[in-house]
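Read-outs throughout are calculated quantities, based only on the coordinates presented, and are distinct from any laboratory measurement. These numbers come from a predicted model, not from an experiment. Here the Cβ positions follow ideal geometry from the backbone for every residue, glycine too, while neighbour counts run over all protein chains shown.
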Amino acid sequence: MFLFHKKSMIYSPCDGTFKPLSEVKDEVFSKELMGKGFAVVPINGDIHSPVDGKVTMVFPTKHAIGITDRNNIEYILHIGIDTVQLKGAGFNVCVQEGDSVKAGDLLVNCDLAILKQAGYQTDVLVIVTNHKDVRIKQAGNLKVKEEIAYCENI
């Protein structure tokens, strides 16, 4: 009998620079209170799906999207720090709840200038909310759909 080891692969949601959660300027994220993951400091506002899965939630303020993958791993893609205060300004969401997405599919176009002018950090966070075994493989400069991490022991 063969046992297949499953992994859930996690890819960069945007072009930019890798940032560990511990360096994010929000204690909820930096102390991993919502879950494990990473951030990317984006160089443009095109934000893509970091995984293959189904969109389970689009926050009314458009700054965060929930996705669940085929292994029932749940992810939050969170754009910016405290950007909930913008009440959707600067965010153009391209998906809706129930949509199936592939890693690299465009989810949101964000006007980073609006975030910066309002004084907000533009970090794009990928948080795994229901699994603790998240392994970071990649750091440095990233491109969309570049493999960054995976969840193991599913």
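With the helix formula -39500 (n - 2.57) applied to DSSP H stretches of n ≥ 4, the chain reaches a computed 222 nm mean residue ellipticity of -1000 deg cm²/dmol. Applied to the stretch 116-123, the Karplus parametrisation 6.51 cos²θ - 1.76 cosθ + 1.60 on θ = phi - 60° returns per-residue 3J(HN,Hα) values of 5, 4, 7, x, 9, 5, 9, 3 Hz, with x for Gly and Pro. Pairs of Cα atoms in the chain fall into 5 Å distance bins, from 0 up to the last occupied one, in shares of 2, 10, 21, 24, 22, 13, 4, 2, 1, 0, 0, 0 percent.
Most tightly packed first, judged by the mean number of other beta-carbon atoms within 10 Å of their residues, the peptides 108-118, 33-43 read 33-43, 108-118. By the rule of a C-alpha distance below 30 Å, with chain neighbours fewer than 8 residues away ignored, the lysines paired with K25 are K7, K36, K54, K62, K87, K102, K116, K132, K137, K143, K145.
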